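The values are calculated or read from the model by the stated rules, or taken from the named source; none is laboratory data. Everything quoted here is computed from the prediction, not taken from an experiment. Every residue, glycine among them, receives a Cβ derived from its backbone with ideal geometry; neighbour counts consider all protein chains shown. These accessible areas exclude ligands, DNA and RNA; they are computed on the full protein's heavy atoms, side chains included. Shrake-Rupley method; radii C 1.70, N 1.55, O 1.52, S 1.80 Å.
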Amino acid sequence: MKVQRNMNNPLLESTSPSDFWGRRWNLMVHGVLKRGMYKPIRQYSSSTIASIATFTASGILHEWIVHSALMYHRIGIPDESLYKPDNIALGTPFAFFLWNGIVISIEKKLGRFKFVHYLSLKLPRPVVALLILMSSLPFGVWFADPYYEGRLFWDQEGLLWTL
């Protein structure tokens, strides 16, 4: 049985935001979205519109996950009083992915300048990786907050005290 790698060291080896999302992060979902969204849209429009539409679809998918997995009564949470679905902010995963679609679009526009290409070749790889992460990391709370508020990881939270 052949197992495909789903991640390709995205945090340390990425050379650009599009490299992070397109060749290193969650390759299985990337393949599905590329075949099902990006390529069909790209046949009739620009790569910018296709990219933003693909990230929009990913945002809608994550909104659906939040809604279906976290918005209703969940059995097995030890302290039911901690589970408050009213605290879950809908729309934030969508906003996170839309933001990343915009980042990819900006990258494509800036990548045409020789200075940007020169910097990407001359800067040390850890600095490039940090800049890539900083294009999305401040907005990571938009993605993670509904999962946290929905107590999706409640069973792992107790592990922190054992460290």
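Just order 39-46, 98-105, 111-118, 21-28 by mean Cβ neighbour count inside 10 Å, highest at the front, would you? Numbers along the way, then the final one.
Numbers: 39-46: 12.1, 98-105: 20.2, 111-118: 10.1, 21-28: 17.1.
With the highest mean Cβ count within 10 Å placed first, the list reads 98-105, 21-28, 39-46, 111-118.
Below 28 Å, Cα to Cα, which lysines can residue 2 reach? Residues fewer than 8 away in the same chain don't count.
34, 39
On average, how much accessible surface per residue is there in the range 3-66, in Å², for a 1.4 Å probe, leaving out ligands, DNA and RNA?
Values: 3880 Å² over 64 residues.
Computed with neighbouring chains in place, this is 61 Å² per residue.
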